[in-house]
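The next block holds one structure in the form of structure tokens; read it before the comments.
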Amino acid sequence: MPGSIEPLDLCNVQVPYYFRCPISLELMRDPVTVSTGQTYDRTSIESWAATGNTTCPVTRAPLSDFTLIPNHTLRRLIQDWCVANRAFGIERIPTPKQPAEPGMVRSLLNQASTVSNPFSVRHSALVRLKGLARESEKNRNVICSHEAREILMRILFSDVSSGSSELSQEALAVLVMFQLTESECTEIGSDSNRVVYLSELLFHSSIEVRVNSASLIETVLAGMRSSDLRAEICNVDEIFAGVTDILKNLSSYPRALRIGVRALFALCLLKQTRHKAVQAGAAETLIDRLTDLDKCDAERALATIELLCRIPSGCSAFASHALTVPLLVKTILRISDRATEYAAGALMALCSESEQSQKDAVSAGVLTQLLLLVQSDCTDRAKRKAQMLLKLLRDSWPEDSIGNSDDFACSEIVPF
């Protein structure tokens, strides 16, 4: 074995061959032993098994099972070696968190789902499941493989009249960490009592419960194909008010902002109920929170703004906010191609309906931004929107505007 592996140097220090994974030949960070007695780094042997291999990479003997036993002794030896060579710039490998054992997960799910168990036992099991699910995707996969979603949904909606049930809240907190199937989304969305229950949780005294409820609503909306069922959910007035309130009043919580934007976008995809978002104050809230969002969330927020600008009440609400047009102009070519496209589309809708918005856009420097956009590598749709907006704003151009100069002939703007 020693002769078959070339020396590996870390920071000019030779790594002992028995500290190296036989598959990756790298220093092991989470050594585990398989049924043949060979030790590998966990990520390497899991990747090996995931590709369909059923034999031990070293011995070629069949693996009787794929149970991975942590080699704590070897891991501590590797850590001690790292510490001993710290002067050479070698960092100590961290002690890895072990993945959840299937047997323990089954036991916890059984404890949580058994109605005859004491409240404390059921609650403790759900709390432990939540902790395991938060630790890693690997744990979530293990939990999910034991029909956890079905059990959690049963606990969550076991008593929809009890909005203060701690068991329901804990089940909700675990459930939102998993991706639901279409049938599961339909099962929730088709039950009006369940939808109303989730809408009530949007106004719960606990911030976590409110955000988790919004997260589940967004998951259900995104996971269903039936437009009729989505319409039924969006027709619940409290949902728009609750999601908008999360965005408005929980801006200091990054997760609340992220979930709020995702949920509002999912709600606004249905045109016939967008007016409910406007009535709930979504237009003003989106503009107020736009600068607080990261790239992905800002893209969704801008997409939602463009959607709401497609209805008259939405246009009016955005036009009445003094920061709407300046912020949209500033967004062009700043965040991403997608964000630029959405901002240009929203400006197009606003300026088509309001001369004041046209003046505000020109004052904010939209002409220069649009001309740069037309010449950029942005999407074709964004360029088309920019060209249409330039034509629309032509009468608003000041006489000394760059848009009227010979350098930017209007003939370059393709009519649509």
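The values are calculated or read from the model by the stated rules, or taken from the named source; none is laboratory data. Bear in mind that the values here come from a model prediction, so they are computed numbers and not experimental data. Glycine also receives a Cβ, built like all others from the backbone with ideal geometry; neighbour counts cover every protein chain displayed. The area values use the complete protein model at the heavy-atom level, side chains included, leaving out ligands, DNA and RNA. Shrake-Rupley method; radii C 1.70, N 1.55, O 1.52, S 1.80 Å.
So here's what we get for this one:
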| read-out | value |
| --- | --- |
| Under 13 Å, Cβ to Cβ, from Asp80 - net charge with Lys/Arg +1 and Asp/Glu -1 | +4 |
| Solvent accessible area, Å² - Thr59, 1.4 Å probe, full protein context | 60 Å² |
| Square roots of 5 times each gyration tensor eigenvalue, C-alpha, the chain, largest first, Å | 51, 34, 17 |
| For the chain, the longest site-free run once GluC sites (Glu not before Pro) in DSSP loop states with at most 14 other Cβ atoms within 10 Å are removed | 148-398 |
| Inter-label distance, nm, simple model (7 Å from Cα along the C-beta direction), Asn193/Gln98 | 4.3 nm |
| Cut-off 13 Å between beta-carbons: net charge of the residues surrounding Gly131, Lys and Arg +1, Asp and Glu -1 | +3 |
| Angle between the chain longest axis and helix 380-392 axis [Cα atoms, degrees, rounded to 10] | 20 degrees |
| Evaluated at q = 0.25 Å⁻¹: base-10 log I(q)/I(0), Debye formula over Cα of the stretch 7-86 | -1.18 |
| 9 Å beta-carbon shell around Ile311, net charge (K/R +1, D/E -1) | +3 |
| Rounded percent of accessible protein surface that carbon and sulfur make up, the stretch 97-177, 1.4 Å probe | 48 percent |
| Heavy-atom accessible area order for Val32, Val58, largest first, 1.4 Å probe | Val58, Val32 |
| q = 0.18 Å⁻¹, the stretch 228-378: log10 I(q)/I(0) [Debye, one scatterer per Cα] | -1.01 |
| In degrees, nearest ten, helix 254-268 long axis to first principal axis of the chain (Cα) | 60 degrees |
| Distance from the stretch 229-290 to the stretch 309-375 (C-alpha centre basis), Å | 21 Å |
| Difference of contour (0.36 nm per residue) and Cα-Cα distance, Phe119 to Ser183 | 20.1 nm |
| Cα-based helix-to-principal-axis angle, 207-223 vs the chain, degrees rounded to 10 | 80 degrees |
| Per-residue [θ]222 nm for the chain (sum of -39500 (n - 2.57) over DSSP H runs n ≥ 4, rounded to 500) | -17500 deg cm²/dmol |
